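All remarks here apply to the structure that follows.
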Amino acid sequence: MASYTDYNDETYVDGMKKDEVYPVRGKLRILNGRLKDREYPVNKPFFTIGRSSDCCISLGGDKRVSRIHAQLVETMGKEIIEDLGSKNGTVVNGRSVTKKILAEGDIIQIGETTLKFLK
């Protein structure tokens, strides 16, 4: 009998192990709030940001942030931020976006939290 991965097991997210680490594609530095000056390596295929503790960056105290608010994905060597249908939106360099290629130094606003993308 064939063996299949049980994707309902809590150790898996989107078919991948939660703790599995991939090459670092960049970093996000938090510029304000309780997590100010913390840096997070972008090292997952789907790097999530939101209020949920399951997100790669959890902004649990920010009421303007959706449970799973946005994600960073890599496509053809470019880092892309995608808003995941959040109520309050995602802003990059002062402009509301649904999807945008990120560049070094871009400023991202999610709820009341400001982040900076570093390559």
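The values are calculated or read from the model by the stated rules, or taken from the named source; none is laboratory data. Predicted, not measured: the structure shown is a model, and the values here were computed from it. FYI the Cβ positions are ideal-geometry reconstructions off the backbone, even for glycines, and counts take in every protein chain you see.
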Mind counting the residues in region 31-70 that are buried (at least 20 other Cβ atoms within 10 Å of the Cβ), touching a Lys or Arg at 6+ places or on another chain (Cβ under 9 Å) and outside any loop (DSSP other than H, G, I, E, B)?
-> 3
Flagged pairs (Cβ under 6 angstrom, 6 or more apart or on separate chains; first in region 93-117, over 26 Å from residue 34 (Cβ atoms); second among the acidic types (Asp, Glu) and modelled with pLDDT of 95 or more) are 98/83; 99/82
Pairs returned, first residue in region 57-84 that is without any contact (Cβ under 8 Å) to a residue 12 or more places away in the chain, second residue that is assigned to a loop (DSSP other than H, G, I, E, B), beta-carbon separation under 6 angstrom, 6 or more apart or interchain, are 60/51
Subset of region 92-117 [of a type in the set (A, V, I, L, M, F, W, C), surrounded by 15 or more Cβ atoms within 10 Å (Cβ to Cβ) and under 14 Å from the mean Cα position of the chain (by Cα)] = 92, 102, 108, 110, 115, 117
